[in-house]
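Trainee: The structure's right below; bear with me while I get my questions together.
The values are calculated or read from the model by the stated rules, or taken from the named source; none is laboratory data. Keep in mind that what you see is a predicted model, and the values were worked out from it rather than measured. No Cβ is skipped: glycine too gets one built from the backbone with ideal geometry, and neighbour counts run over all protein chains shown. The protein model used for the area step is the full one, side chains on, heavy atoms only, and it has no ligands, DNA or RNA in it. Shrake-Rupley method; radii C 1.70, N 1.55, O 1.52, S 1.80 Å.
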Amino acid sequence: MNTAKHFQHTLKFTAALAIVFGFLLISNPTYADSYQVQTTAEPTVTSPADSSSTSGSPSSTNIDPAAQSTQSIESTDKNTSDTTATQQSSAPSGIPQTNESSASSDSQSTDSSTENISTSDQPVATPSPADTTTEQTTEDQNAVGNVSDTNSETAATTTPATETNKNDINVSDIGNSTDPAIKQSSDNPFINFFTGITSGIAGSIIYPLVASRQGAQFISHFRTLLSPNRWDVSQNWADLDQKYNPDYVKTYYTDAQDWYDNRVQKETWEVPFADKTGTARATYIKNGDSKKTIIYGQGWTTEPEGMGRISKMFYDLGYNVLMPYTRGQNASDGEWLTFGNKDKQDWVNWINQIDQVNGKDSQIVLYGQSLGADTALQYAGSGNLPSSVKATIEDCGFSTLPSLIYHLYNGAANSLNSITSKIGWNLNGSIPLVPFDQLLTAMNNINKFVQGFNLDDVSGITAVKNSKLPTLFISTQDDAFIPDSETQTMYNMSASSDKKLWILDGHVGGHASASNAVQDYMKNIEAFLAQVTSQSSNDRLDVPAANTVAA
């Protein structure tokens, strides 16, 4: 009897821990949150803010010349993702010399050329078509060779041979992992059996919270309770550095909110699910006689109003906008979010409908933030794309679902450790009774049982390896939900010969916040799309590999 009681108490304790873990997970700032959680175990890629500048004046549409300091990183190596690159560029006479580097503690970095772009702040009250910016490009043609020569000793001492790339974790590999941060389960059969049960309980609580329609809605409402203003338009400039011109952002997004709510005509489109189990729905905004369309992938728990404000940027650039709602969210059918796995198949029907409306001159660009970015990438990597599909814009997507779960797990463990360490209990990156590898295995098994696919089937890395479409990768350094190192990993592994990486530094607003820097955002996207849509998607863009879109 006593044994049974102890076992019941242990299960209750485990369930309580699982709930704590879930709330710690969802307390991470995402989308419209204006504050930023600082984690210590998984720092993201960093870059210096200093740069020298020379004058330039790229063209711009519907945006103002007031500019901000941003960071762009480019790489010509398509197949290397685990090398730490350090480069030094020589400045012209009279210009200070700048040392630039990018590094990640996940043993994930890039062998890349680094470009810093500096521009002067000019307060703007209303949008203006004029555009002047300043930029500087630095390039090291021997970056890859220099990495192995100059950093081999450092890499040997700082990166254990057994350490796993935390941005490329797969369920299929964790059983053979020797990295203690990944393989946390005990070698003791009894303890391993017991924590397998407790981890299964934790997984059965967490999975429905993040993957079911009702669970995602509960999390969204709970987070809104914690931060009542998180979807308010003011969050677009609430935590924005001055170099991104918050005054201009306030003017632009205040108008964008009114435009979406009151001025623009919106249509509701429907297509059947590819597997015939329901109906997908979307909001469509027609832009005159334009034959160009942005398909805007929805993020996890993202509200249509937030998508609507951002859609104005694409509308101002001359695009129709189609905003499909993923399975299990908003107006679309389905009780489970498929993380893009089944949504990418539904995008075939969306694209067919767009092409029917716009005819042979139809041009389509795939876009998304967070989960929506991965949906766009997964469709882009599915093969046999129609010629109307020209490019992909990926904004802060995840490299693999297990990697995202690891970063969230690690953040929750660190948050919990900040409490237990006060009584001398150091958790060392783990959650008691819930080892990471067993929790991941449990969640994968639940997902396979409920939805019929493996978490490894939802992979941004696999998608970019299979896509030759021109791709713009975007992230921010202050993203604590999906680290910018995951975007950088996908950029490194992308098979596209025409790819660009843009990481914004400083305070931008947290996860999925790059669009807060609306001037830089539009300039980067406009320049990228101007090249992409000017020729066939089957042709290689005539752009140097080390060239970067000017901010």
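Trainee: Sort 267-280, 338-351 for me by packing, meaning the mean count of neighbouring Cβ atoms within 10 Å per residue, highest on top. If you can, show how the numbers build up before the last one.
Mentor: Numbers: 267-280: 13.9, 338-351: 23.2.
Packing order, densest peptide first, comes out as 338-351, 267-280.
Trainee: Here's a follow-up. What are the ³J(HN,Hα) values, in whole Hz, obtained from phi via the Karplus relation 6.51 cos²θ - 1.76 cosθ + 1.60 with θ = phi - 60°, for each residue of the stretch 346-355 in sequence order, with x given for Gly and Pro?
Mentor: 5, 5, 4, 5, 4, 5, 4, 5, 4, 5
Trainee: Let me ask something else. Just list whichever of K166/K360; K360/K499; K243/K422 have alpha carbons separated by over 32 Å in the model shown.
Mentor: Where the Cα-Cα span goes over 32 Å, the pairs concerned are K166/K360; K243/K422.
Trainee: How large is the accessible surface of F398 in square angstrom, using a 1.4 angstrom probe and rounding to the nearest 10?
Mentor: Roughly 10 Å² of F398 is accessible to a 1.4 Å probe.
Trainee: Okay, next question. Can you list the residues, at least 5 places off or on another chain, whose amide H is less than 5 Å from the amide H of G368, using H built in the peptide plane?
Mentor: Long-range HN contacts for G368: G297, I393, D395.
Trainee: Please report the carbon-and-sulfur percent of the accessible area for the stretch 429-495; probe 1.4 Å, protein heavy atoms only, DNA, RNA and ligands left out.
Mentor: Details: 870 of 1650 Å².
About 53 percent, which is the carbon plus sulfur part of the accessible surface.
Trainee: Among 179-192, 450-463, how do they line up by average Cβ neighbours within 10 Å per residue, starting with the highest?
Mentor: Working: 179-192: 14.9, 450-463: 20.8.
The densest-packed peptide leads the list: 450-463, 179-192.
Trainee: Shifting gears a bit: Non-local amide H neighbours of T476 (under 5 Å, H modeled in plane, Pro and chain starts lacking H): which ones?
Mentor: The list, which skips near neighbours in sequence, is L504.
Trainee: Efficiency by 1/(1 + (r/R0)^6): what FRET value for K448 and Q345, r their Cβ-Cβ distance, R0 = 22 Å, to the nearest 0.05? Write out the running numbers ahead of the final one.
Mentor: Numbers: r = 18 Å, r/R0 = 0.82.
Calculated value: 0.75.
Trainee: Determine ³J(HN,Hα), in whole Hz, for all residues of the stretch 278-288 in sequence, where each value follows from phi through the Karplus function 6.51 cos²θ - 1.76 cosθ + 1.60 and θ = phi - 60°; x replaces Gly and Pro.
Mentor: x, 10, 9, 10, 8, 9, 10, 10, 7, 10, x
Trainee: Between the stretch 404-467 and the stretch 165-184, what is the C-alpha centre distance in whole Å?
Mentor: Between the Cα centres of the stretch 404-467 and the stretch 165-184 lies a distance of 10 Å.
Trainee: Ignoring ligands, DNA and RNA, what accessible area per residue does the stretch 211-299 give at 1.4 Å, in Å²? Please report the intermediate quantities before stating the final value.
Mentor: On the way: 4130 Å² over 89 residues.
Each residue of the stretch 211-299 exposes 46 Å² on average to a 1.4 Å probe.
Trainee: Could you run the Karplus curve 6.51 cos²θ - 1.76 cosθ + 1.60 with θ = phi - 60° over the stretch 435-446 and give me ³J(HN,Hα) per residue in whole Hz, x for Gly and Pro?
Mentor: x, 4, 5, 6, 5, 4, 4, 5, 5, 5, 5, 5
Trainee: Ignoring ligands, DNA and RNA, what percent of the 1.4 Å accessible area of the stretch 194-245 is carbon and sulfur? Provide the component values of the computation, followed by the final result.
Mentor: Values: 1320 of 2140 Å².
On the stretch 194-245, the fraction of accessible area on carbon and sulfur atoms equals 62 percent.
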